[in-house]
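Enquirer: Mind looking over this structure? Questions follow.
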Amino acid sequence: AQKVTQAQTEISVVEKEDVTLDCVYETRDTTYYLFWYKQPPSGELVFLIRRNSFDEQNEISGRYSWNFQKSTSSFNFTITASQVVDSAVYFCALSSAGGGNKLTFGTGTQLKVEL
Amino acid sequence: GAGVSQTPSNKVTEKGKYVELRCDPISGHTALYWYRQSLGQGPEFLIYFQGTGAADDSGLPNDRFFAVRPEGSVSTLKIQRTERGDSAVYLCASSISSGGGPYNEQFFGPGTRLTVL
């Protein structure tokens, strides 16, 4: 069975602070893919990033960065110099061929960035 | 280009009624997924189509739920004898193909908020 755990239910920060959203996953497959999606108040899920299980290289995209560590089964997401527009619910998700191609989502982390 | 569209955006119905939710995927996307998102939760998988056929319907909660995709494009999720516990946001997603399997990014629609009174 696949499982994604996002232990942080809600995080509040002040604008310009850095914030890290945690994600821990479980799967028996050796080939799998990890995703982060953003769900702003409008409700539509927006794709942010995908990593495969063979690529542990960290990635940076503007103010966003991702730290993938297979040894701890974690795929954490950091926002540097947060902005009010970053306020949203962020979901970590997992897929694998053994899991039937569907996405297994965590319960999400509500990020609130205040002035 | 156009993204995934879903209609209606909101649906209010009474317990015991039948409802249909429609999903129009991105043109050319052969894979289509339905998810259900309850308040405060992440989306939960319901069913996945590759072309016209349901490749995986393991997430459908019971036989009151059914989905079709007769021409390999638009899909309809059908719920019979609705119950209050069916109230949720129903999300549809599509991806370019299942050839890449679980690798392919899924593009989500805005969802249909179903309320069963």
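Enquirer: Give segment A:100-109 a look and list any residue that's facing another protein chain (nearest Cβ under 9 Å) and either open to solvent by 10 Å² or more (accessible area, probe 1.4 Å) or assigned to a strand (DSSP E or B) (or both), or say none. Walk me through how you get there before you give the answer.
Expert: Initial filter on segment A:100-109 (facing another protein chain (nearest Cβ under 9 Å)): A:100-108.
Of everything in segment A:100-109, those that are facing another protein chain (nearest Cβ under 9 Å) and either open to solvent by 10 Å² or more (accessible area, probe 1.4 Å) or assigned to a strand (DSSP E or B) (or both) turn out to be A:Gly100, A:Asn101, A:Lys102, A:Thr104, A:Phe105, A:Thr107.
Enquirer: List, please: which pairs have Cβ atoms under 6 Å, are six or more places apart or on different chains, and start with a residue in segment B:57-69 that is farther than 13 Å from B:Thr82 by Cβ and without any contact (Cβ under 8 Å) to a residue 60 or more places away in the chain and end with one that is of a type outside the set (Gly, Ala, Ser) and not in a strand (DSSP E or B)?
Expert: Short answer, once both residue conditions are applied: B:Arg69/B:Thr52.
Enquirer: Can you confirm whether segment A:82-90 contains a residue that is in contact with a Pro (Cβ under 9 Å, 6 or more places away or on another chain) and more than 14 Å from chain B (Cβ to nearest Cβ)?
Expert: yes
Enquirer: Please determine whether any residue of segment A:30-45 is assigned to a strand (DSSP E or B), surrounded by fewer than 14 Cβ atoms within 10 Å (Cβ to Cβ) and more than 11 Å from every other protein chain (Cβ to nearest Cβ).
Expert: No, every residue in segment A:30-45 fails to be assigned to a strand (DSSP E or B), surrounded by fewer than 14 Cβ atoms within 10 Å (Cβ to Cβ) and more than 11 Å from every other protein chain (Cβ to nearest Cβ).
Enquirer: Let me ask you something else. State all residues of segment A:3-25 that are more than 25 Å from A:Asn101 (Cβ to Cβ), of a type outside the set (Val, Ile, Thr) and more than 12 Å from the chain's Cα centre (by Cα); if no residue qualifies, say none.
Expert: Correct list: A:Glu10, A:Ser12, A:Glu15, A:Lys16, A:Glu17, A:Asp18.
Enquirer: Still on this structure, please answer the following. So B:Arg36 passes all but one of these: (1) part of a loop (DSSP other than H, G, I, E, B); (2) under 22 Å from B:Lys15 (Cα atoms). Which condition number does it fail?
Expert: (1)
The values are calculated or read from the model by the stated rules, or taken from the named source; none is laboratory data. The structure displayed is predicted, hence computed values, not measured ones. Here Cβ is always computed from backbone atoms with ideal geometry, including for glycine, and neighbour counts include all displayed protein chains. Just so you know, the surface numbers come from the protein's heavy atoms only, side chains and all, with ligands and any DNA or RNA stripped out. Shrake-Rupley method; radii C 1.70, N 1.55, O 1.52, S 1.80 Å.
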